[in-house]
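Everything below concerns the one structure shown next.
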Amino acid sequence: MKFALVNPNWTFEGSIYFGCRHPHLPLEYGYARALLEADGHEVLLLDAQLHDLPLGDVQRRVASFAPDRIVITTAPSYLFWRCAPPELRVPQETLRALDGIPGARIVVGPHASTTPAATLRKLGADAAVLGECEDILPKLAADAAEWTSVDSIARRDGDGVRVQGSVHQVNMAALPALRWSVEDVARHRHHHHRFDKQPDGPGGEMEVSRGCPYHCSFCAKDNFRNDYRKRPLPVILEEVDGLIATGVEYIYFIDEIFLPNKELLEALVDRNVVFGVQTRIDLWTAPMLDLLGRAGCVSIEAGVESITVEGRNLLDKGSRLTTEQLADRLIQAKRGVAFVQANLLESGADDPRDVEAWRVRLQAHGVWANKPVPMFPYPGSPGYSKLWGTPDDQAWERALEHYLTQFDEFSDIQDARPRPLSALELHSADAR
């Protein structure tokens, strides 16, 4: 069986997309390729964003491969499944360019996991994976008539959509160390969330764990990457060493929450690589922050969200530190890490003057705190469920309309006022 794993050439005009626009290693496809090849399948991993491929080139390469299965994702990489662009315009345009090429269409990603029926209709696809996709895709090598026995998928059934089972979570201990070609790594010049210096060599992304034990109201992880699971340390280090061998000088750990891990940090101390993490600063002690810096960490993205207990409680942060203690911990981290950022969200409970004073205080110590960002109620987040309940086929439209109605000012990465889904998505994909 031949699988084409297609990462589209992403564009974000008019979107509320909060993620980074640069290409990032498609980890979910890397794992899936390894598992598929281990089962004897032939795989084309076509990263159109990394290689900046126009649709015509994507069409020619996929057609030349003649796949039995075409897999497309609805978010740029695992790093951004929790803050995906609401619209499906880019996957729609990519699949439209592939129209006429035989092979079943399979969708993976946050939209497939949270609103599978709407996603299948919008993309004109045959099946969608619910949750993490790596070890589900090999099961879809079976004849489509046998998909009735595959759990954690939604599939076309006559004129409707049949949902089978619940969202899937992978056994992280069963996933191999990823390998990337020297040629692909050489194109990966971006160092995600690094600000201490300009890159000299390539960067890369990987994960040491998946999921998060917390359930903050704004985090859209309920239907994928939810429960916290660690990868085995030998596998982690094998992947780190493989990235270093291909020329990577900076690694961004995409873990939802990079928890203190003494054994891993001690193993990284003597390796010739630096790295960035996203974490909760309240989980770190001063000695572990010192070790984090010695291990090579040069960037910390710390979720603080609100400067008041009331605001953090509204967001269900479950923080065990006071605001003063959080500030002290951030300042402590800055002593050993080149760049430390405290992420703030618009909770509705913080006085803007107090927020600005807190930001000024941190900046005096070299810690960056962003202006509070309006929260988007992602389908699949507790915040969405509190407003509207279980996501239905109009969930993404509803969330974006609410966001555009509630806020006049948006995040500082928006080039212009975001547009509604009706103005972004195509409307004839279902007629494939």
Discussion item. Debye calculation, C-alpha points only, no solvent: report log10 I(q)/I(0) for the stretch 88-188 at q = 0.24 Å⁻¹, in the same order as the q values.
Written reply: -1.26
Item to complete: Quick one: work out Rg over Rh on the C-alpha atoms of the stretch 1-155, Rh as Kirkwood radius.
Response: 0.92
Fill in: Cα gyration tensor category, rounded, prolate or oblate, for the stretch 25-103 with a/c compared to 1.5
oblate
Worksheet item: Considering only Cα-Cα distances, which of the following residue pairs are longer than 23 Å: Lys197/Lys262; Lys230/Lys262; Lys2/Lys139?
Response: Lys197/Lys262
Item to complete: Mind grabbing the base-10 log of I(q)/I(0) for the stretch 255-382 at q = 0.11, 0.13 Å⁻¹? Debye formula, identical points on the C-alpha positions, no solvent, two decimal places.
Response: -0.38, -0.53
Item to complete: Name the most mobile residue of Thr405, Thr390, Thr119, meaning the one with the largest mean-square fluctuation, in a Gaussian network model of the chain with Cα contacts below 10 Å.
Response: Thr405
Practice prompt. Classify the stretch 193-244 as rounded, prolate or oblate, taking a ≥ b ≥ c as the square roots of the eigenvalues of its Cα gyration tensor: rounded when a/c is under 1.5, otherwise prolate if a/b is larger than b/c and oblate if not.
Written response: oblate
Practice prompt. Pick out, from Val269, Ala295, Asn223, the residue whose Cα sits farthest towards the positive end of the charge dipole of the stretch 192-296, with +1 on the Cβ of Lys and Arg and -1 on the Cβ of Asp and Glu.
Written response: Asn223
Item to complete: If a/c stays under 1.5 just call it rounded; otherwise compare a/b with b/c (prolate if a/b is bigger, oblate if not). Do that for the stretch 93-147, with a ≥ b ≥ c from the square roots of the Cα gyration tensor eigenvalues.
Response: oblate
Fill in: Calculated from backbone phi, Karplus (6.51, -1.76, 1.60) coupling profile of the stretch 8-24 in Hz, x at Gly/Pro
x, 7, 5, 10, 9, 4, x, 8, 8, 3, 9, x, 6, 7, 6, x, 9
Worksheet entry | Inter-probe distance in nm under a simple model that places probes 7 Å from Cα toward Cβ, at Lys139 and Phe195 | 4.3 nm
Worksheet, complete the sentence: Read-out Rg and Dmax of the Cα atoms in Å, candidates (1) 21.9, 70; (2) 21.3, 64; (3) 20.3, 65; calculated match is (2)
Worksheet item: Where the only charges are on Cβ atoms (+1 Lys, Arg; -1 Asp, Glu), what is the dipole of the stretch 87-126 about its Cα centre, to the nearest 20 debye?
Response: 60 debye
Worksheet item: How big is the antiparallel share of DSSP beta bridges in the chain, given as a percent to the nearest 5?
Response: 20 percent
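All of the numbers you see were taken from the coordinates with simple rules; none came from a lab. Values in this document were obtained by computation on a predicted structure and should not be read as measured data. For neighbour counting, all protein chains shown are included, and Cβ atoms are generated from backbone atoms with ideal geometry for every residue, glycine included.
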